[in-house]
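Only one structure is covered here, and it is reproduced in the block below.
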Amino acid sequence: MELKSLGDSALLISFGEVTDDEVNAIVHAVARAIEEKDFEWLVDVVPAYSSLAVIFDPLKVTFEEVKKAVEPLLGVSAGAFKGRKIEIPVLYGGEYGPDIEFVAEYNGLSVEDVIEIHSGKTYRVHFLGFLPGFAYLSPVDERIAAPRLEKPRLKVPAGSVGIAGRQTGIYPLESPGGWRLIGRTPLRLFDPSREPPTLLQPGDEVKFVPISEEEFVELHQGEWGTEV
Amino acid sequence: MIELLSVPSLLTVQDGGREGYRKLGVPVSGFMDDFSAKIANYLVGNPGDAPLLEFLLAGPKIMFNASVVFAVAGDVDVRLNGIPIEPWTSYWAKRGDILEIGTLKSGIYGYIAFAGGIKCEKLLGSCSVYPRAGLGRPLKAGDKLDLGYAILTGREGRFLPPKLRPDYSSGEVEIRVLLGPDLEHFTENGIGTFLESTYTITPESDRMGYRLDGPAVEHSEKGPDIVTSPLVPGSVQVPGNGKPIVMMRDAQTTGGYAKIAAVIAADLPVLAQSRPGTGVRFREVTPEEAREILKRRDKTLEAIREFLDGKLRAYSVRALGKEFLLFAGKA
C-alpha cells in the first residue's frame with residue numbers, strides 16, 4: 001500500500017494495480033471509514049479499482065496531516081459487501097448491440113453463447129468514473145473478452161452495454177466510445193434530478209437479464225431501475 | 001431578469017463547482033479561472049463562489065429587464081447603451097439598458113457577475129453547467145435569466161486598478177506542478193523531458209482538458225496504461241504518444257493513463273487562461289511550496305475583496321528594483 005500526492009489538494013491511497021473484488025472491497029471500506037470521520041477539511045472521497053483519492057482543502061490542512069489522519073483507518077477490515085442487487089434488462093444484438101457478432105466470432109462462439117455467458121454472472125460495481133454513472137464492473141468471463149474498436153465511435157447511445165478486454169459496462173449517457181457494443185438497456189442510469197443521481201453505486205451487485213424487443217420498447221420510457 | 005440578445009461563443013453559468021459527487025463519476029466543473037471569477041463576484045458584493053456567467057473569448061449582448069449592479073472581469077471592451085465603460089468595475093444598470101461585451105484581448109475566459117448572483121436550479125448542489133450529463137446547458141440568444149435579490153449588497157463604482165488585475169498577456173507561461181503519482185510509469189529521461197521542454201497548447205483543448213504538443217515524454221517498461229485510478233483537475237496524463245494532457249475543471253473523475261504530475265491549484269487558472277499556441281513550461285515545486293503559494297493567493301484574494309469593500313487601501317511600492325503591492329488599512 002502506498003500514500004502519494006495527487007496534486008496539492010488530494011492524497012492517493014493505492015493498494016497496487018489490480019482489479020479484483022477483494023482489494024476493491026478494502027478500497028470501499030477505507031473510503032467509508034474516511035467519510036464517516038467527517039474531517040472538517042474533507043472535500044470528497046473518490047474510490048477506483050484498487051486506489052482511492054482523498055480530496056482535501058489545502059488551506060485547512062497539510063498533506064502530512066491528512067496522511068496522519070487517514071493512516072489509522074487503512075487497516076479497517078473489508079467485511080462483506082453491503083451492496084444492493086440490481087437487475088439490468090438488456091436487449092442483446094441487432095442494432096442495439098452491433099458488435100455482438102464480432103465478439104462471438106472473435107471467441108469462436110455463437111451469439112447465443114455470448115448472451116448466456118454475459119448474463120450468466122453477477123458483477124460487482126467496483127467504482128463509477130469516466131462519465132457520471134458509468135460503472136466499472138468486475139471482469140467478464142475470459143471466453144467473451146474482446147479488444148476495443150480500433151477507431152472509437154463518435155456517438156455511443158445511452159444505455160449501450162459494451163465489452164473492452166475483460167471489462168464490461170453500460171454507457172449512462174450518449175458519448176464517444178471504443179467498447180464493443182453487445183446490447184442496450186432501456187433503463188436510465190443517470191438522472192441529475194434524483195438523489196442519488198446514479199442507478200448504480202459502488203458495491204452494488206449487477207445481473208444482466210436478456211429481454212425481447214417488445215419488452216425493451218415497453219420499458220423504454222427512461223425508466224429508473226428497481227431494487228430486487 | 002436579464003435577456004441574452006446575442007451569444008457569439010460558449011456561454012455558461014458557473015459557480016465554485018460541484019463537490020461530493022465524484023464517487024458517482026460526476027466532474028467538479030465550476031469556474032475555469034476562479035481568480036478572475038471570484039474578483040468579478042467581489043466587485044458586485046457577492047460571495048466569491050456565487051453563480052455568474054463565464055464566456056469563452058467573446059462576450060454576449062445582454063438586455064436588463066430590471067435594475068441591478070453588474071461587473072465584467074477580463075481584458076475586454078465593454079459598452080453600456082453604446083457608451084464605453086470599464087471592465088473590472090461595477091456599474092448600476094437600469095431596466096432597458098443594453099450591455100455589450102467585445103472579444104478578449106488577452107486570456108480566454110471572461111466573467112460577468114450580477115449582484116445577488118444568477119438564480120438557478122441547483123443540480124447536485126451546484127449551478128455549474130456540465131452539458132454532457134444534462135447538468136444545465138450552454139446559453140443561447142433569447143434565454144432569460146433570473147437574478148438573485150440583492151438590493152442591499154450591490155454597490156456601483158467598485159473599481160479594480162490595472163495593477164491588481166491578473167495579467168494573462170504573456171507569451172509563455174511557467175506552470176508549477178507536483179510530480180506523481182504514477183512516476184514508475186516514466187523513465188528518468190521522460191520526467192526530465194517533461195520538466196525541461198516547452199510545450200504548446202493545441203486547439204483540441206476545452207473545459208475538460210488541455211492537450212499539449214512538444215517533445216514526447218518517455219514511458220518506462222510499465223507503459224502508459226495504468227489500472228484506472230482517480231484524477232483531479234490539474235492532473236497531467238501522458239498517453240501512449242507521450243504528449244501530456246492537463247485535466248481541467250470538467251475532467252472525468254478517473255482515468256487510465258499514467259499521471260506524471262499535477263498542476264498546483266494556484267496555477268490552474270493561469271493555464272486555463274492561456275490560448276492555444278501558448279508555450280508552457282512546467283516547474284516542480286514541493287508540497288510545502290505549493291501550499292505557501294496557495295495561501296498567498298488566498299490572502300491576495302481576501303485583500304482584494306477588502307479593498308473593493310473599501311476596508312483596505314492598495315499601494316504600489318518599488319524596492320530592490322521590483323514592484324510590490326501592499327495593502328493597508330484605512331487611516
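The values are calculated or read from the model by the stated rules, or taken from the named source; none is laboratory data. Source: prediction; values computed, not measured. Quick reminder, even Gly has a Cβ in these numbers, built from the backbone with ideal geometry, and neighbours come from all protein chains shown. Protein only, heavy atoms only, side chains kept; ligands, DNA and RNA dropped before computing areas. Shrake-Rupley method; radii C 1.70, N 1.55, O 1.52, S 1.80 Å.
Taking the Cα centre of segment B:2-145 as the origin, how large is its charge dipole in debye, to the nearest 20, when only Lys and Arg (+1) and Asp and Glu (-1) carry charge on their Cβ atoms?
In total the dipole reaches around 420 debye.
Sorted by accessible area with a 1.4 angstrom probe, largest first, how do A:Ser9, A:Ser193 fall?
Largest to smallest exposure gives the sequence A:Ser193, A:Ser9.
Taking amide H positions as placed 1.01 Å from N in the peptide plane, with prolines and chain starts having none, which residues 5 or more places from B:Leu231, or on another chain, fall under 5 Å of its amide H?
Amide H neighbours of B:Leu231, under 5 Å, 5+ apart: B:Thr254, B:Gly255.
Can you compute the helix-only [θ] at 222 nm over chain A? Use -39500 (n - 2.57) per DSSP H run of at least 4 residues, normalise by all residues, nearest 500 deg cm²/dmol.
It lands at -6000 deg cm²/dmol.
To the nearest 10 square angstrom, what accessible area does A:His220 show with a 1.4 Å probe?
100
Taking the alpha carbon gyration tensor of segment B:1-58, what are the square roots of 5 times its eigenvalues, largest first, to the nearest whole Å?
Value: 22, 16, 10 Å, ordered largest first.
Give the accessible area for B:Lys94 in Å² (nearest 10); use a 1.4 Å probe, count only protein heavy atoms, and leave out ligands, DNA and RNA.
120
Order B:Tyr168, A:Tyr171, most accessible first, counting only protein heavy atoms with a 1.4 angstrom probe.
Most to least solvent-accessible, the answer reads B:Tyr168, A:Tyr171.
Pick from A:Pro98, A:Pro192, A:Pro152: which residue has the top mean-square fluctuation in a GNM of chain A where Cα pairs under 10 Å get a spring?
A:Pro192
Find out how many positive minus negative residues lie around A:Gly178, taking Lys and Arg as positive, Asp and Glu as negative, among other residues whose Cβ is under 9 Å from that of A:Gly178.
+3
Which of B:Thr286, B:Thr103, B:Thr278 moves most in a GNM of chain B, Cα contacts under 10 Å?
B:Thr286
Would you mind telling me which residue in B:Leu179, B:Leu24, B:Leu43 has the biggest mean-square fluctuation in a Gaussian network model of chain B, where springs connect alpha carbons within a distance under 10 angstrom?
Answer for the Gaussian network model of chain B: B:Leu24.
Using only protein heavy atoms and a 1.4 angstrom probe, determine the accessible area buried between A and B, summed over both sides, in Å² to the nearest 100.
3500
Local charge sum around B:Leu10 (other residues, Cβ-Cβ under 10 Å, Lys/Arg +1, Asp/Glu -1)?
-1
Measuring with a 1.4 Å probe in the full set of protein chains, what accessible area per residue, in whole Å², belongs to chain A?
On a per-residue basis, 43 Å².
Mind counting lysine pairs for me in chain A? Cα separation below 13 Å, and the two need to be 8 or more apart along the chain or on different chains.
The number of close lysine pairs in chain A is 5.
Within the set of other residues whose C-beta is less than 11 Å from the C-beta of A:Gly129, count the net charge using Lys and Arg as +1 and Asp and Glu as -1.
Around A:Gly129, the surrounding residues sum to +2.
Could you put B:Asp146, B:Asp15 in order of accessible surface area, largest first, with the 1.4 Å probe and the full protein assembly present?
Highest to lowest solvent-accessible surface, that is B:Asp146, B:Asp15.
If you put +1 on each Lys and Arg Cβ and -1 on each Asp and Glu Cβ, how big is the dipole of chain B around its Cα centre, in Debye rounded to 20?
Using Cβ point charges on Lys, Arg, Asp and Glu, chain B gives about 1040 debye.
Tell me the relative contact order for segment B:90-178 as a rounded percent, counting alpha carbon contacts under 8 Å between residues six or more apart.
Once normalised by length, the contact order is 38 percent.
In deg cm²/dmol, rounded to 500, what helix-only [θ] at 222 nm does chain B give when every DSSP H run of at least 4 residues adds -39500 (n - 2.57) and the total is split over its residues?
When only DSSP H runs of four or more count, the value is -4500 deg cm²/dmol.
May I ask for the angle, rounded to the nearest 10°, between helix B:287-308 and the longest principal axis of chain B, with both axes built from Cα atoms and the value confined to 0 to 90°?
Taking the Cα atoms of chain B, the angle to B:287-308 is about 10 degrees.
Counting only protein heavy atoms and using a 1.4 Å probe, what share of the accessible area of the protein assembly as shown belongs to carbon plus sulfur, as a whole percent?
Whole-percent figure for carbon plus sulfur exposure: 50.
Pairs of alpha-carbon atoms within less than 8 angstrom and 6+ residues apart define the contacts here; what relative contact order does chain A have, in percent?
Relative CO of chain A lands at 21 percent.
Just tell me which aspartates and glutamates come within less than 14 Å, Cα to Cα, of B:Lys330; anything on the same chain fewer than 8 places away is out.
Qualifying aspartates and glutamates at Cα under 14 Å: B:Glu306, B:Asp309.
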